[in-house]
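To start, the structure under review is shown below, and the notes come after it.
The values are calculated or read from the model by the stated rules, or taken from the named source; none is laboratory data. As the structure is a prediction and not an experimental result, all values here were calculated from the model. Here the Cβ positions follow ideal geometry from the backbone for every residue, glycine too, while neighbour counts run over all protein chains shown.
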Amino acid sequence: MNNKKQSAQSKKPVVVIEIGNEWVKMIQVEPARGGGRISRLHLERFSSFSESMGQSISKALKAGKFARGPIVGCLPRQMANIRFLELPSTDVAEIADMVDLQIGKQTPYSRDEIVSGYRIIGADPSGYTKVMLVIAQQSIVRERFHLLEEAGLAIDAMSVSTEGLLNWSMFNMPGNNAKTVMVIDIDATYADSAVMDGDKVLFSRSILIGAEQLLEDPAVAREKFVAEIGRSIEIFNGENHDATISRVILTGAAQNIEGLADELEPTLEAPVETVDSFGSAKLVTRKPDLQQAEYHAISLAPLVGMGASIGNLEFNLVPDAVRLRKSLQQKAKSLTALGILVMSVLIAASMLITLMLCQRTARLDELKKELEKIRPEANRVAGDLAIAKELHSRLDARRAPINVVRELHALIPQTIHLASVFVGEDGRVALKGMGKKFGDVNDFISMLEDSDLFCDAKGDQKSAKGQVAFDISCALEGQQ
């Protein structure tokens, strides 16, 4: 599978699931050098839809060890309407609006009953854009989503089989010079005739004749089938005057229908070739055995194309209810993630604060223990310091009582008579005596203040028998 657009291909295994009217088809495509690898395959026939189908699909996925993503749903061509529109604009936004208006005109169903999608094919010089529009009943698509969800699968995309057939044809059409090619994919109960031009689908028409009819009643069914293919070519030529089909490719169950290509070629007036559904993809699984007769009417080409080039799928037929539910689930996950993040931040902050408090408490306990250890030594040092101060004060000769008396003797004026001198242990000196006048006593107090030995001199004075009695208190320098 060599194509430039494979850059968009997923590097993971892609699981493609198609639930048709009679068959459940599941394949797992893994990217490989030079082509894809079909590593898992499951085919199961059913008679009617039921709740047990979801359980059956789930068991098949587990038994076959299928990967769980990406998961792509394939809607069979006969379950969708495909229209080709030419819109008078090349602006992407305008085209979207025009398609939205055209959808209601292309189907008898109301907008609430359908699901749709479109892809732009190309624009011409006159300013018109050709668009491929796909419309499907919402009930059909929703039924398949429900079954796959019951099987425990989360569908990443749902496209129509024609888009898968386009991818398949891009990698498997023989010859590099072919321009416009009709690819006819024959499945069990229907066929999809599509005209491809490179990476574009120019035309698609579902034919309600399949491989089962062609194999069981070849005489009648083949004649009708050839007529229907001719009718498809007529419709294509009527809608596309500038294009001519240069080759017809048969695929799907066509390889198990002998002589079909030879029978078609004279009628179609173009070379008809048959190509295996897997084409250049390598089938590496042997389960189930596709050579068994029960699988001869099955086509896997669209599924191979979808799995090989998931990046080229532009349709995503998702019902509104499913889209809304996924949106709500995504918002719920975002809110849950935000809540978890906020709680994580709060818990982390709480743990950090708790850790810091524990560290500080532990440090405080350590300091208290260290303090208790050094308290006796500190008390001893404090006691030694007090003794040292006491010794220092006692060893200071200037503050000895005799020196105090000597200093007082030098300071006392003739107008002052001391009656008593008392030197206390706290360094305070109390002086009592008489003076001739209040001024003489005040002068004496000033002289004490100016002395180098005394300070903080204060005194009480009162008259007594024509003299002034005083009671003076002062401190020795360095003892206040």
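Lys12 meets the conditions (1) part of a strand (DSSP E or B); (2) modelled with pLDDT under 90; (3) not acidic (Asp, Glu) in every case but one. The failed one is (1).
Would you mind stating whether Ile19 is touching a residue at least 24 places away in the same chain (Cβ under 8 Å), within 21 Å of Val141 (Cβ to Cβ), in the same structural domain as Lys130 (by TED's automatic domain parsing) and of a type in the set (Val, Ile, Thr)? In short, yes. For the range 399-434, filtering for residues that are within 25 Å of Ala386 (Cβ to Cβ) and among the charged types (D, E, K, R) leaves 4. Screening Gly427 against (1) of a type outside the set (Lys, Arg); (2) within 19 Å of Asp450 (Cα to Cα); (3) modelled with pLDDT under 85; (4) exposed (fewer than 13 other Cβ atoms within 10 Å of the Cβ) leaves a single unmet condition, (4). Residue pairs, Cβ under 6 Å, 6 or more apart or interchain, first in the range 304-317 and closer than 21 Å to Lys282 by Cα, second of a type in the set (Lys, Arg). List them. The qualifying pairs are Asn312/Lys5.
Going by the structure shown, is Ser52 exposed (fewer than 13 other Cβ atoms within 10 Å of the Cβ), of a type in the set (Gly, Ala, Ser) and under 22 Å from Ile298 (Cα atoms)? No. Only residues that are touching a residue at least 24 places away in the same chain (Cβ under 8 Å), under 25 Å from Thr189 (Cβ atoms) and in a loop (DSSP other than H, G, I, E, B) were counted in the range 48-71, giving 2. The listed residues are Phe203, Phe225, and the only one of them that is touching a residue at least 24 places away in the same chain (Cβ under 8 Å), of a type in the set (Phe, Trp, Tyr) and not in a helix (DSSP H, G or I) turns out to be Phe203. Applying the condition of being among the charged types (D, E, K, R) and farther than 14 Å from Pro70 by Cα to the range 15-39 and asking which residue is modelled with the lowest pLDDT yields Arg33. When residues in the range 69-85 are screened for being surrounded by fewer than 18 Cβ atoms within 10 Å (Cβ to Cβ), among the hydrophobic types (A, V, I, L, M, F, W, C) and closer than 17 Å to Gly305 by Cα, 0 of them pass.
Number of residues in the range 319-355 that are in contact with a helix residue (DSSP H, G or I) (Cβ under 6 Å, 6 or more places away or on another chain) and in a helix (DSSP H, G or I): the value is 1. Of the numbered criteria (1) out of contact with any Gly (no Cβ under 6 Å at 6 or more places or on another chain); (2) farther than 17 Å from Val421 by Cα; (3) modelled with pLDDT under 90, the one Phe454 fails is (2). Of all residue pairs spaced 6 or more apart or on separate chains, those with beta-carbon atoms under 9 Å, a first member in the range 208-221 that is under 18 Å from Ser277 (Cα atoms) and touching a residue at least 60 places away in the same chain (Cβ under 8 Å) and a second member that is crowded, with 17+ Cβ neighbours inside 10 Å and of a type in the set (Val, Ile, Thr) are Gly210/Ile186; Gly210/Thr189; Ala211/Ile186; Ala211/Thr189; Ala211/Ile257; Ala211/Ile298; Glu212/Thr189; Leu215/Ile257.
Annotation note: of Glu377, Glu372, Glu407, Glu390, the sole residue that is within 60 Å of the chain's Cα centre (by Cα) and either assigned to a helix (DSSP H, G or I) or modelled with pLDDT of 85 or more (or both) is Glu372.
Considering only the range 407-445, how many residues are under 15 Å from Glu477 (Cα atoms) and either among the small types (Gly, Ala, Ser) or touching a His at 6+ places or on another chain (Cβ under 8 Å) (or both)? The qualifying residues number 3.
Looking across the range 287-338 at every residue that is at pLDDT 90 or above and among the β-branched types (Val, Ile, Thr), the one that is surrounded by the fewest Cβ atoms within 10 Å (Cβ to Cβ) is identified as Thr336. Is there a residue being in contact with a Gly (Cβ under 8 Å, 6 or more places away or on another chain), touching a residue at least 24 places away in the same chain (Cβ under 8 Å), over 30 Å from Leu214 (Cα atoms) and in the same structural domain as Val201 (by TED's automatic domain parsing) anywhere in the range 162-184? Within the range 162-184, none of the residues are in contact with a Gly (Cβ under 8 Å, 6 or more places away or on another chain), touching a residue at least 24 places away in the same chain (Cβ under 8 Å), over 30 Å from Leu214 (Cα atoms) and in the same structural domain as Val201 (by TED's automatic domain parsing). For the structure I just gave you, tell me whether Ser169 is buried (at least 22 other Cβ atoms within 10 Å of the Cβ) and more than 33 Å from the chain's Cα centre (by Cα). When the stated conditions are applied, Ser169 passes them.
Taking the criterion of being among the charged types (D, E, K, R), touching a strand residue (DSSP E or B) at 6+ places or on another chain (Cβ under 9 Å), touching a residue at least 40 places away in the same chain (Cβ under 8 Å) and part of a strand (DSSP E or B), would at least one residue in the range 450-458 satisfy it? Scanning the range 450-458, I find no residue that is among the charged types (D, E, K, R), touching a strand residue (DSSP E or B) at 6+ places or on another chain (Cβ under 9 Å), touching a residue at least 40 places away in the same chain (Cβ under 8 Å) and part of a strand (DSSP E or B), so the answer is no.
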